[in-house]
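Written below as structure tokens is the structure these notes are about.
The values are calculated or read from the model by the stated rules, or taken from the named source; none is laboratory data. What you see is a predicted model; the values in this text were computed from it and never measured. Neighbour counts are summed over all protein chains in view; Cβ atoms, including those assigned to glycine, are modelled from backbone coordinates with ideal geometry. Keep in mind that these areas ignore ligands, DNA and RNA; they rest on the heavy atoms of the full protein, side chains included. Shrake-Rupley method; radii C 1.70, N 1.55, O 1.52, S 1.80 Å.
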Amino acid sequence: MNTIAFYDTKPYDREYFARTPEAHQLHCQFHEFRLTNETAASVGGARAVCVFVNDRLDAPCLRQLHQAGVRLVALRCAGFNNVDLTAAKSLGLAVVRVPAYSPHAVAEHTIALLLALNRNIHRAYNRVREHNFSLNGLVGFDLHGKTAGVVGTGKIGKITAQILRGFGTEVLAFDPYPSPAWAAALGVRYTDFTTLLASSHIVSLHLPLTPSSRHLFNAETFASMKPGAYLLNTSRGKLVDTTALIETLKTGRLGGVALDVYEEEEGLFFEDHSGEILQDDELSRLLTFPNVLITAHQAFLTHEALSEIARVTAGNLVCFAEGQPFLAESVLVDCPTPAPASNEHTAPALSRGSASL
Ligand code: NAI
């Protein structure tokens, strides 16, 4: 039987995976720690690994996996900036992902952050619990009639734009591959990046992290934004230069910042560090601003998204086990599935922190 080593798993991952009809056909090792070059030896006899956003599959890690007999990397997410696809291809490792588990989940969380930040819901909640019913400092603004700039109009950006249009917000968009018919139908106007920055009260990021989009939001970009503008980032932390963001926030130029992702989130987000001293000075500083709202990469976390992640992942793992083609839309790197070696019928011992399904 094919063994699959799952990394960076949480109870909800295991629960939703166990609910899939395919789960009983697979032999799974669930690890709670992340997969990196340092932890890759834990793969044991697995032929596939299943990973999430903060597992780091760089070339050395992929080489180790390949040497250990792994032939498939299955991402439980849409973004794939954490996998060296060139290295995977040259090693003959197939890579699949879940391309669209619920764009609604991420778009709706983006808007939840915007509304909470703008109307100071997070601060009001704390005040009222302490019987402080004062409204001082809680003034927001109407979204109706404002201009929002959506950077990246793929699946999530489009839904975010659609929700914003429902508020009566004007929407500008920037994307190197625009969708003119969609924009015309929704009353969205494509523009260049500089005009979007200069004209938007709210800028929302929905583009992938690539070498060219890293730190797309830097000191220069912030200086080109409308004074008092809001920045929303539910895409990837490294799109924003955190040092420059903090310096800009200190000047009071930005009205508010909502982040579901953070440049150095790896090793911090998804875990409970409440009993520890936070060693990340930039995150600590960000948390001191009254106009910064941070969630720990939870935009995807809905029942629908978890079900879809489990469905697509389990489907691909069964295709792999049976030597069938992967679900077409999820393939990032395709490689023919080799037949399992005979010694792989022996299930490897489970490591600490893992469970078998
Ligand atoms: P998608 O692939 O459907 O759309 C991305 C869009 O960005 C495409 O239209 C592309 O042409 C555009 N784009 C690429 N480079 C650009 C640039 N330099 N400037 C402007 N636009 C650019 O992706 P989808 O599903 O909409 O996801 C967007 C991002 O959201 C993902 O890359 C991922 O990083 C993030 N994400 C975050 C989640 C969370 O829980 N916070 C969950 C899922 C995705």
**Request:** Just grab the label-to-label distance for D334 and F133, each label 7 Å out from Cα along the Cβ direction, in nm (one decimal).
**Result:** 6.5
**Request:** Between H122 and A223, with labels modelled 7 Å along Cα→Cβ, what's the label distance in nm to one decimal, could you check?
**Result:** 2.8
**Message:** So if I average 1/r over every pair of distinct C-alpha atoms in the chain and take the inverse, what Kirkwood radius in Å does that give?
**Reply:** 21.8
**Complete:** So E38 and L115, fully extended at 0.36 nm per residue minus their Cα-Cα distance, gain in nm 23.6 nm
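First compute the accessible area of the chain with a 1.4 Å probe, then give the percent of it belonging to carbon and sulfur atoms. Mind showing how you got there, number by number?
Numbers: 8990 of 16330 Å².
Percent of accessible area from carbon and sulfur atoms in the chain: 55.
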**Message:** I need the per residue convex hull volume for the stretch 218-298, using only the alpha carbons, in cubic angstrom as a whole number.
**Reply:** 86
**Prompt:** In Å², what does the accessible area per residue of the stretch 103-294 work out to with a 1.4 Å probe?
**Reply:** 49
**Message:** Under 8 Å for C-alpha pairs, at least 6 residues apart: give me the relative contact order for the stretch 155-200, rounded to a whole percent.
**Reply:** 36
**Asked** For the chain: lysine pairs with Cα atoms under 24 Å, gap of 8 or more or different chains, count?
**Response** 10
**Simple spin-label estimate for F289 and T86 in nanometres, 7 Å along Cα-Cβ** = 3.4
**Item:** Debye equation applied to the C-alpha atoms of the stretch 103-294, log10 I(q)/I(0) at 0.10, 0.17 Å⁻¹
**Value:** -0.41, -1.16
